[in-house]
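The values are calculated or read from the model by the stated rules, or taken from the named source; none is laboratory data. These numbers were taken from a predicted model, which means no experiment stands behind them. Here the Cβ is made from the backbone with ideal geometry for all residues, glycine too, and neighbour counts use every protein chain on show. Quick note on the areas: whole protein, heavy atoms, side chains included, nothing else; ligands and nucleic acids left out. Shrake-Rupley method; radii C 1.70, N 1.55, O 1.52, S 1.80 Å.
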Amino acid sequence: MRKLYAVPMGLVGAGAATFGYASLIERNWFRLRRFEVPVLPPGRPSVKILHISDAHLTPGRQRLIHWVRSLDALDPDLVVNTGDSISHRDAIGPFLDALGPLLDRPGVFVYGSNDLYSPVFKNPLRYIWRTSRRDYARRRREPDLPYRELGSSLQAAGWLDLNNRIGRLKVGELDIEFGGIDDSHINRDRYDKIAGPVDPQADVHLAVMHSPEPRNMDRFVADGYDLLLAGHTHGGQVCVPFYGALATNCGIDRPRVKGLHRHKGAWLHVSAGLGTSPMAPMRFCCPPEASLLTLVPRRPGG
């Protein structure tokens, strides 16, 4: 009889240990990724971009708040936030507290779906065969999170709102042109509002979006953007060792679910993000992260 119960009890124990690790340890095991991106004209000075995404902040996540504040010590020249910053109506204050001194630096932002809509429970296995995009069509149409207040607070600090907008900033000695879109995951992207060739007088051209949908990425590249920045995927969030992400929750392919890659002549960086939905508070083989991207001059022939 003991042997009969040994195997299932062992599996239950292993499952509980894995869940405990994924929800209590790896979910709070923050990492900083560093990449060099050769996109600047020859002779131009390098610039450091801090890319943050998908904090999904709720009140009380003090470890996340303190870790994000500590990133100011990296002395970034620019902060890019690709959305899903909050997941609770009372999270704007804690999110601004997390940014802290980073708000005194040049910054830009777009929204993600969870900046507008509070999270609801979903069967996580569904992500394997489809994205969550259709779920929003069946939900309440009116946003229930204070995303406009979030945007106003960031703009009050001097950050550019790039939701379906073009923007321009002087960052150090560089003239940077931005093109941004609202979240395609909930059909708020309006690329036609920003469509057209980039200004060749700018030193570099950055595209900012929440969800890395190939149809929008293709248009950014066609218009001349050098570096595309996105989040949303959580890097797969729960990954299989030696295999990687099971799903991306958008149109991008699995090998590019996170990290620095190429896309039709441009560079693409997808952040695995800082947090998780409160309804799925775990990560496995995919720690939360922020990235420091150092833009450097293009190599000869590059």
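Pick from ARG141, ARG34, ARG61: which is most flexible by mean-square fluctuation in a GNM of the chain where alpha carbon atoms under 10 Å apart are linked?
ARG141
Which residue, ILE52, TYR117, ALA98, has the largest displacement toward the positive end of the dipole of the chain when charges sit on each Cβ (Lys, Arg +1; Asp, Glu -1)?
TYR117
Could you tell me what % of all Cα pairs in segment 226-302 have separations over 22 Å? Show your work: numbers first, answer last.
Numbers: 814 of 2926 pairs.
So the portion of pairs separated by more than 22 Å is 28 percent.
Which of these, ASN114, ASN187, ASN216, has the largest mean-square fluctuation under a Gaussian network model of the chain (Cα springs below 10 Å)?
Looking only at ASN114, ASN187, ASN216, the biggest GNM fluctuation is shown by ASN187.
Which of LEU154, LEU169, LEU74 moves the most in a Gaussian network model of the chain with Cα springs under 10 Å?
Result for the chain, Cα springs under 10 Å: LEU74 fluctuates most.
Quick one: dipole size for segment 198-281, taken about the Cα centre, charges +1 on Lys/Arg Cβ and -1 on Asp/Glu Cβ, in debye to the nearest 20. Write down the numbers at each step before the final one.
Details: 7 positive and 7 negative charges, 73 e Å.
In debye, rounded to 20, segment 198-281 gives about 340.
Using the heavy atoms of the protein chains and a 1.4 angstrom probe, tell me the accessible area per residue for the chain in square angstrom. Show your work: numbers first, answer last.
Details: 13510 Å² over 302 residues.
For the chain, the per-residue accessible area is 45 Å².
Please report how far the C-alpha centroid of segment 204-231 lies from that of segment 141-190, rounded to the nearest whole angstrom.
14
I'd like the Karplus ³J(HN,Hα) series for segment 45-60: coefficients 6.51, -1.76, 1.60, θ = phi - 60°, whole numbers in Hz, and an x wherever there's a Gly or Pro.
x, 5, 9, 9, 10, 8, 9, 10, 6, 6, 5, 6, 6, 10, x, x
Which residue, chosen from VAL257, TYR225, VAL296, occupies the Cα position most advanced towards the positive end of the dipole of the chain, where the dipole is computed from +1 (Lys, Arg) and -1 (Asp, Glu) charges on Cβ about the Cα centre?
VAL257
Plugging the Kirkwood radius over Cα pairs into Stokes-Einstein for the chain, at a temperature of 20 °C and a viscosity of 1.002 mPa s, what D comes out in µm²/s? List each step's numbers first, then the result.
Working: Rh = 19.7 Å.
Calculated translational D: 109 µm²/s.
For segment 193-208, in order, what is each residue's ³J(HN,Hα) by Karplus, 6.51 cos²θ - 1.76 cosθ + 1.60 with θ = phi - 60°, in whole Hz (x at glycine and Pro)?
Couplings: 6, 10, 4, x, x, 5, 7, x, 6, 6, 6, 7, 10, 10, 9, 10 Hz.
Of the beta bridges DSSP finds with both residues in segment 144-302, what % are antiparallel, to the nearest 5? The partial results should precede the final answer.
Details: 14 of 27 bridges.
Of all bridge pairs located within segment 144-302, approximately 50 percent are antiparallel.
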